[in-house]
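**Q** Below you will find the structure I want to go over with you.
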Amino acid sequence: MDFGLALVGRPARELIQLARQAEEQGFSTVYVPDHFANEPPGTGQLDETIVQEAIAMLAGIAASTSRIRLGGHVLCNLLRHPALTAQAVGTIDQISAGRAILGIGAGWTRNEFEMTGLPFPEIKPRLRMLDEAIRVIKSLWTRKRTTFDGEFFRLKDAFITAQPDSAPHPPVLMGGSGKGLLRIAAREADVVNIIIDTGRAGTVLPSELAKLTDDGFRAKVDFVRSEAAKHGRTLTISTTVFVPYLSDDEDTAARMAEGIAAGFGLDGEQARRMPLALIGTPEQCIEELKRREREWGVEHVVLSGGAGPELIERFGTEILPHV
C-alpha cells in the first residue's frame, strides 16, 4: 500500500512546501483539486477556501520536487478541451521527468458552473464526453497524428509536440463512484479512486456519504473489477480518506468516531470502517489500513481534508513505514 496527499486550502507557496514535506516523509503522490471554489461535503454551498488553478499548481510542484508523483484529484474534463489537457499534462510530465499522473473525472460541482456561467450537462452526456476525452488524450500521446470524429470532439490530423516523458503515457487515474464512471474506468484507467457518488446530483449529498460504508465500498470494488475483467484488464483500487484523525488515546478516538457516526445513523465501529474516515491511535489506524488492503484490495490511499505539516509528519513516521 502506498499513500497520496491531496493538497488543498492553502496559499500556493505553502502547498509547494507541503509537497516537499510529503516527498521527504515517504508519500508516493501529491494531488491538487480542479475547481474554482470549494464545496464542503454535505453543505451544497461554495465557500471561500483557497483553491489554486490545478495545472499551474502542478507545474509549480513538478519544478519544486524530485521524486514524488503528482496529478489532479481530479482534473475536471468540462474545463478543458482534451487536446489542451494532453498538452498541459504532457508538459508537466516533461518538467517532472516522468512523474505526472492524468487524474481526470467528468465534473460534479454544479454550483461553480452556475456561478461562472459555464455549461453543466446532465450526467450521461458528461460521461460520454469524458469517455471521448480520454481516448483523444491517449491518442495524442501515442500517435503521430490523431483524427477523431466523436459526438463532442472532432480532430483532424491533430498532434501535440509537448509529448510526455512517460512511456507509453502517464498513468490514468479516474475518480468517481457511479456505475457509468466505473465502466469507463474499467476500460481506460490504471487506477480508480472510488469516492462518493456526486455525478447525478451535482453536489455531495449526506445520503450518498452514508451509503459509502464498508459493504457499499466492497460492492463498488466488485463491480469495477468485474467490468475490468471483461476487457482483460486489472486496476489499482484507490480510496480517499477525507477525515484522517490520529489520536494519542483510544477514548478520544472512540468519541471522534461516535460523533461522525451520529451524522450517518451508524455506530462508532461502522464509522471507523468507512473508507471516507480513518480514526484511531496509530496502532488502530495501521490495523484498519491492513484490513482495507486485505479485504478490499486497496493499494493506494489518498489523505485529504487539508492535512497540515503535523499530520503529514505523523503519518510519515507512525503509519507509512508499517503498512
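**Q** Thr91 is checked against (1) surrounded by fewer than 23 Cβ atoms within 10 Å (Cβ to Cβ); (2) under 23 Å from Ser238 (Cβ atoms) and fails just one. What number does that condition carry?
**A** Unmet for Thr91, out of (1) surrounded by fewer than 23 Cβ atoms within 10 Å (Cβ to Cβ); (2) under 23 Å from Ser238 (Cβ atoms): (2).
**Q** Select from the range 122-151 the residues that are of a type in the set (D, E, K, R) and within 23 Å of Arg200 (Cβ to Cβ) and write down the one among them that is surrounded by the most Cβ atoms within 10 Å (Cβ to Cβ). Working first, answer last.
**A** Of the range 122-151, the ones of a type in the set (D, E, K, R) are 122, 124, 126, 128, 131-132, 135, 138, 143-145, 149, 151.
Filter again for within 23 Å of Arg200 (Cβ to Cβ), leaving 122, 124, 126, 128, 131-132, 151.
Details: Glu122: 10, Lys124: 12, Arg126: 24, Arg128: 17, Asp131: 21, Glu132: 18, Glu151: 10.
Only one residue tops the list, namely Arg126.
**Q** For the range 72-151, list the helices (runs of 4 or more DSSP H) that sit wholly inside it and hold at least 3 residues that are of a type in the set (Val, Ile, Thr); which are they? Please lay out each step first, then the result.
**A** Working: elements: 82-95, 110-116, 123-142.
Where helices (runs of 4 or more DSSP H) fall fully within the range 72-151 and carry at least 3 residues being of a type in the set (Val, Ile, Thr), they are 82-95, 123-142.
**Q** In this structure, is Ser238 buried (at least 17 other Cβ atoms within 10 Å of the Cβ), at pLDDT 95 or above and of a type in the set (Gly, Ala, Ser)?
**A** Details: buried (at least 17 other Cβ atoms within 10 Å of the Cβ): yes; at pLDDT 95 or above: yes; of a type in the set (Gly, Ala, Ser): yes.
Answer is yes for this residue.
**Q** For the range 187-197, what are the residues that are surrounded by 18 or more Cβ atoms within 10 Å (Cβ to Cβ) and out of contact with any strand residue (DSSP E or B) (no Cβ under 8 Å at 6 or more places or on another chain)? Spell out how you get there, then give the answer.
**A** Of the range 187-197, the ones surrounded by 18 or more Cβ atoms within 10 Å (Cβ to Cβ) are 188-189, 191-197.
Ile196 - this is the single residue of the range 187-197 that is surrounded by 18 or more Cβ atoms within 10 Å (Cβ to Cβ) and out of contact with any strand residue (DSSP E or B) (no Cβ under 8 Å at 6 or more places or on another chain).
**Q** Any idea which residue in the range 53-73 is farthest from Gly316 (Cα to Cα), counting only those that are in contact with a Leu (Cβ under 7 Å, 6 or more places away or on another chain) and aliphatic (A, V, I, L, M)?
**A** Result: Ala54.
**Q** Which residue, of Ser177, Ser139, Ser166, is within 17 Å of Val74 (Cβ to Cβ), of a type in the set (S, T, N, Q) and either at pLDDT 95 or above or out of contact with any Ser or Thr (no Cβ under 7 Å at 6 or more places or on another chain) (or both)? If you could, list the steps in order and put the result at the bottom.
**A** Numbers: Ser139 fails: within 17 Å of Val74 (Cβ to Cβ); Ser166 fails: within 17 Å of Val74 (Cβ to Cβ).
Just a single option satisfies the conditions, and that option is Ser177.
**Q** Of the residues Gly60, Gly72, Gly26, which single one is touching an Asp or Glu at 6+ places or on another chain (Cβ under 6 Å) and not basic (Lys, Arg)?
**A** Working: Gly60 fails: touching an Asp or Glu at 6+ places or on another chain (Cβ under 6 Å); Gly26 fails: touching an Asp or Glu at 6+ places or on another chain (Cβ under 6 Å).
The unique qualifying residue is Gly72.
**Q** Can you find a residue that is free of Cβ contacts under 8 Å to residues at least 12 places away in the same chain, charged (D, E, K, R) and on the phi < 0 side of the Ramachandran plot anywhere in the range 48-57?
**A** The answer is yes, given that some residue of the range 48-57 is free of Cβ contacts under 8 Å to residues at least 12 places away in the same chain, charged (D, E, K, R) and on the phi < 0 side of the Ramachandran plot.
The values are calculated or read from the model by the stated rules, or taken from the named source; none is laboratory data. Nothing here was measured: the structure is a model prediction, and the numbers come from that model. Because the Cβ atoms are built from the backbone with ideal geometry, glycine has one as well, and the counts that use them run over all protein chains shown.
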